[in-house]
1. Residue by residue through region 80-130, note down the ones that are in contact with a Phe, Trp or Tyr (Cβ under 7 Å, 6 or more places away or on another chain), within 24 Å of GLY45 (Cβ to Cβ) and open to solvent by 60 Å² or more (accessible area, probe 1.4 Å).
2. Check whether at least one residue in region 123-145 is within 22 Å of THR24 (Cα to Cα), assigned to a helix (DSSP H, G or I), touching a residue at least 60 places away in the same chain (Cβ under 8 Å) and of a type in the set (Gly, Ala, Ser), and report yes or no.
3. Can you tell me which condition GLY205 does not meet? The list is (1) open to solvent by less than 90 Å² (accessible area, probe 1.4 Å); (2) modelled with pLDDT under 85; (3) part of a helix (DSSP H, G or I); (4) not polar (S, T, N, Q), and all the others hold.
4. Determine if region 61-79 includes at least one residue that is surrounded by fewer than 13 Cβ atoms within 10 Å (Cβ to Cβ) and under 24 Å from TRP128 (Cα atoms).
5. Any residue at all in region 152-165 that is open to solvent by less than 20 Å² (accessible area, probe 1.4 Å), in contact with an Asp or Glu (Cβ under 6 Å, 6 or more places away or on another chain), farther than 17 Å from LEU59 by Cα and touching a residue at least 12 places away in the same chain (Cβ under 8 Å)?
6. Name the one entry in GLN54, GLN47 that is open to solvent by 40 Å² or more (accessible area, probe 1.4 Å), of a type in the set (S, T, N, Q) and farther than 13 Å from GLN127 by Cα.
7. Can you name the number of the only condition in (1) without any contact (Cβ under 8 Å) to a residue 40 or more places away in the chain; (2) farther than 19 Å from PHE152 by Cα that PHE83 fails?
8. What number of residues within region 103-155 satisfy the criterion of being at pLDDT below 90, small (Gly, Ala, Ser) and either under 30 Å from LEU86 (Cβ atoms) or in contact with a Lys or Arg (Cβ under 7 Å, 6 or more places away or on another chain) (or both)?
Amino acid sequence: MHIPESLQDLADSEAVQFLRRPKTITRIFAGVFSLIVFSSLLTDGYQNKTDNPQLHCVLNSNKEACSFAVGAGFLAFLSCLVFLVLDAHDSRIANSRFKTAFQLLDFILAVLWAVIWFVGFCFLANQWQRSPPKQFLLGSSSAKAAIAFSFFSIFVWIFQAYLAFQDLQNDASVPYKRSLDEGGVVLTTLSPPSAFSPVNTPPTGPNSLNYASSALSPYMTTPKAPRLAMMPGN
């Protein structure tokens, strides 16, 4: 295993450069927020009342609210992990169509998760407001944490969608530029050679036709008419 000789080598390593990317940082924050949402409600989100041993959701005793928060948080956390792995292998993707499809899927999912967390925040906050005060001895802090980080997740996923949209815009010009370059190569190949091209330079030498025609040129010229000379009179 290679050990960096200095901190500069460590800073220039691929792992550190990958972790310093804005998209990677955003995914890490989105994954941590999702983990807090579903883990807080999964541990202390179900409590029993003083007069009943049955467990109830601390959000107005609505089990759909806790189930929604736990399920959405868990799926969002898995989504962040999967896309982090794909981002780590992004440089190895040679197929431009697959890369564009991956970036488009990233943008669509980011927008979808932003909408889900917005709906989830409104739903959880509404159920918490309807909850009777001091109905459960425990679980209030977990409910507040789930609501707060649901709110934070909205902005994180919106920023993630913005970064994915920027990647789509930056890579959209590449196929167009490539097509222009390929068209230029085709036009250059099919264009006729110019008059100053070395291809049209006539070959010289004793075996060439030009050389033979130039050698026979004195005999093939048009004969000139004889001149009349004035003879001196006797």
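1. PHE123
2. No: zero hits.
3. The number of the failed condition is (3).
4. yes
5. Looking through region 152-165, at least one residue is open to solvent by less than 20 Å² (accessible area, probe 1.4 Å), in contact with an Asp or Glu (Cβ under 6 Å, 6 or more places away or on another chain), farther than 17 Å from LEU59 by Cα and touching a residue at least 12 places away in the same chain (Cβ under 8 Å).
6. On inspection, the qualifying residue turns out to be GLN54.
7. (1)
8. Residues that pass the stated criteria total 0.
The values are calculated or read from the model by the stated rules, or taken from the named source; none is laboratory data. Computed from a predicted model, the values in this text were never measured in an experiment. Ideal geometry is used to build each Cβ from the backbone, glycine not excepted, and the neighbour counts take in all protein chains shown. Please note that ligands, DNA and RNA were not included when accessible areas were found on the heavy atoms of the full protein model with its side chains. Shrake-Rupley method; radii C 1.70, N 1.55, O 1.52, S 1.80 Å.
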